[in-house]
Amino acid sequence: MVLAFAALAVALPERYRLVPTWLVYSDAAVFIVVVLIALVAPQGSFWRRATRPVALAAVTFAFILNTLTLVRIVDALVTRPQSIQPLPLLHTSVAMWFANILIFTLAYWLIDGGGQEARAQGRAAYYDFDFPARSDPTKLGPDWQPTIMDYLFVAFTTNTAFGPTEAMPLTARAKALVLVQSLISLVTVVGVAARAIGATRD
């Protein structure tokens with residue numbers, strides 16, 4: 001999933017890139033190394049404790065990169081509409097829309113209940129998302145915990161419906177993330193993709 005985001009980021013046309021390609025791949029590499037360390041490091045070790053904040057930092061960087069790219073494109077649409085090339089703009093909007101899904105999939109996976117490790121060990125004091133299977137253990141069993149695929153589904157449907165569908169956000173931070181994801185998706189679809197499609201018909 002991280003490599004998919006990196007591929008989407010470097011697939012952007014040159015005019016819309018904010019940072020060099022190597023920096024995007026470096027961010028993806030940091031996240032992958034963090035995940036590998038989490039798999040092999042002993043419980044309670046410094047490296048195990050450091051994995052979540054480092055992963056959050058990597059996801060935050062990806063979010064900032066995607067958001068600033070969107071701001072740059074919207075600014076160009078408003079101030080320099082004559083310079084817009086429809087097909088590159090359409091390709092960019094599609095790449096950014098999918099990148100938004102991947103970024104928020106990882107964000108939800110990292111914050112819900114204190115992260116994957118806390119959820120797996122039953123140390124979560126509370127959950128950020130109310131999955132139906134959590135509310136009714138008879139659906140999938142009392143020990144069920146969401147996997148990365150569940151968070152991917154939440155992020156995809158939020159991007160598509162511009163709001164929560166299956167798992168409702170419970171905490172303020174979860175609601176803020178869903179709100180921001182919905183807003184970015186809305187601007188990408190309505191403001192950028194629609195403009196690109198309209199321009200191809202002119």
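Could you rank the peptides 139-145, 53-59 by their average count of other C-beta atoms within 10 Å per residue, with the highest value first? Mind dumping the intermediate values first?
Numbers: 139-145: 11.4, 53-59: 18.4.
For the peptides 139-145, 53-59, the packing ranking is 53-59, 139-145.
Between VAL189 and THR157, 0.36 nm times their residue separation minus their Cα-Cα distance comes to what?
Details: separation 32, 0.36 × 32 = 11.52 nm, distance 1.41 nm.
Stretched out fully, the VAL189 to THR157 stretch lengthens by 10.1 nm.
Put a dot 7 Å past each Cα toward the Cβ at ALA176 and ASP143; how far apart are the dots in nm?
3.6 nm
Each value in this text was obtained by applying a stated rule to the coordinates, not by laboratory testing. The structure displayed is predicted, hence computed values, not measured ones. Glycine also receives a Cβ, built like all others from the backbone with ideal geometry; neighbour counts cover every protein chain displayed.
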